[in-house]
1. Could you tally the net charge around GLN35, taking each other residue with its Cβ under 12 Å from the Cβ of GLN35, Lys/Arg +1 and Asp/Glu -1?
2. For THR90, enumerate residues with amide H under 5 Å from its amide H, sequence gap 5+ or separate chain, H modeled in the peptide plane.
3. Within 9 Å, Cβ to Cβ, of VAL228, how many net charges do the neighbouring residues add up to if Lys/Arg are +1 and Asp/Glu are -1?
4. Karplus couplings for the range 282-297 from phi (6.51 cos²θ - 1.76 cosθ + 1.60, θ = phi - 60°), rounded to Hz, Gly and Pro as x?
5. Once the Cβ-Cβ distance between GLU327 and GLU282 is put in as r, and R0 is 41 Å, what FRET efficiency do you end up with, to the nearest 0.05?
6. Using 0.36 nm per residue, how much length does the chain from ASP306 to GLU47 gain when fully extended, once their Cα-Cα distance is taken away?
7. Would you mind computing, in nm to one decimal, how far apart the modelled labels at MET76 and GLU257 are, each placed 7 Å from Cα along Cα→Cβ?
8. Please express the shape of the chain as an equivalent ellipsoid: the semi-axes are the square roots of 5 times the eigenvalues of the C-alpha gyration tensor, given largest first in whole angstrom.
Amino acid sequence: MTLSVAISTACLALSTGAAAETWKMAIGDAAGGTQYELGKTFAEQIEKRSDGEITVDLFPNSQLGSEQDTLNNASMGMLDLSIIAINNITPFSPTVGVLTLPYVIQGAEDAKTLTQGEVGEELTENTIRDAGVRILGWAYSGCRRLSNSERPVSSPEDLDGLVIRVPKNEIMMASYQAWGVNPNPMAWSETFTALQQGVVDGQDNPYITIDAMKFYEVQDYITDSCYVFSLEPLVMGEGAYQALSEENKELVKKAGEAATQHSYDYLQETEEKIKTRLVEEEGIEITEPDNNEEEWISQATSIWPDFYDSIGGKEKLDHVLEVLGREPA
Ligand code: MLT
């Protein structure tokens, strides 16, 4: 039986109240990170709220493929669920790029305001339209911090000569180009090995992700920068979602909301502790960006106009900034 047939059969079984079903969830990060926390809570909620009729099996650490592959598979009905970083959805649904424009989201409160309000609802609709997946919940993973194996980096000039891995995301590549380096775009699933083998010297991701992925084994320095806030949605293929009974649509909605809340609380409770652990137990050296990050900010935000078309116009960015209580671009 092919996986897509298995999913249709699963949906039929649910709607007729027949045998219990198991859904598969791909997770890009290792267990212990925010993606895993979101997925685990969603799975617990689904099992509890369906009285054990539905269970969800978690496959962390990109076991089911790269994040962009699992997005495709969910979209085509070959996989039930996937958790992937927002930056890896943007290539399929460009308007989502407004959430990865550098320095738009400046912390967890901004991230929550955007994802749990009308901006998040519109982006969810756009993602269904463009990428064929529905966002059911969000992991809040924290600011992306630059890590590297070579030296402390406090200003964009310090990047000179470093090879930095970035996701295959044009906005993030352009941000590094604005800082004067040519980054190396690479799938998330290949990043640890590339760091370990010295193919690249550095990358950026939140403290919680750096810890869960054990990047401290191959990185020595972290810059306490915050150019993008890492949002990581849980998605379900829209075809599979539409095949659910009304009752099960409500079930996944409620489970997604509970998992999202847990993810937010988890970030608040653990981020500082993990940062301290990385320094005290793993010997990571943390460097503050010079000048309150001003050079980083002015150079990176100079790329905003290059992406107005892809995000749906400057007015989309201005609206997001207004929702966050800031001045238009
Ligand atoms: C990436 O850097 O590609 C992702 O943001 C990593 C992740 O999914 O945690």
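What follows draws every value from the coordinates through simple rules; no lab data is involved. Please read all numbers here as calculations on a predicted model, not as lab measurements. We place every Cβ from the backbone using ideal geometry, glycine too, and count neighbours over all the protein chains shown.
1. Cβ neighbours under 12 Å give a net charge of -3.
2. none
3. In short, 0.
4. 10, x, 6, 9, 9, 10, 7, x, 4, 6, 6, 6, 4, 4, 4, 5
5. 0.55
6. That pair, ASP306 and GLU47, stretches by 88.7 nm at full extension.
7. About 3.5 nm separates the two model spin labels.
8. 34, 22, 17
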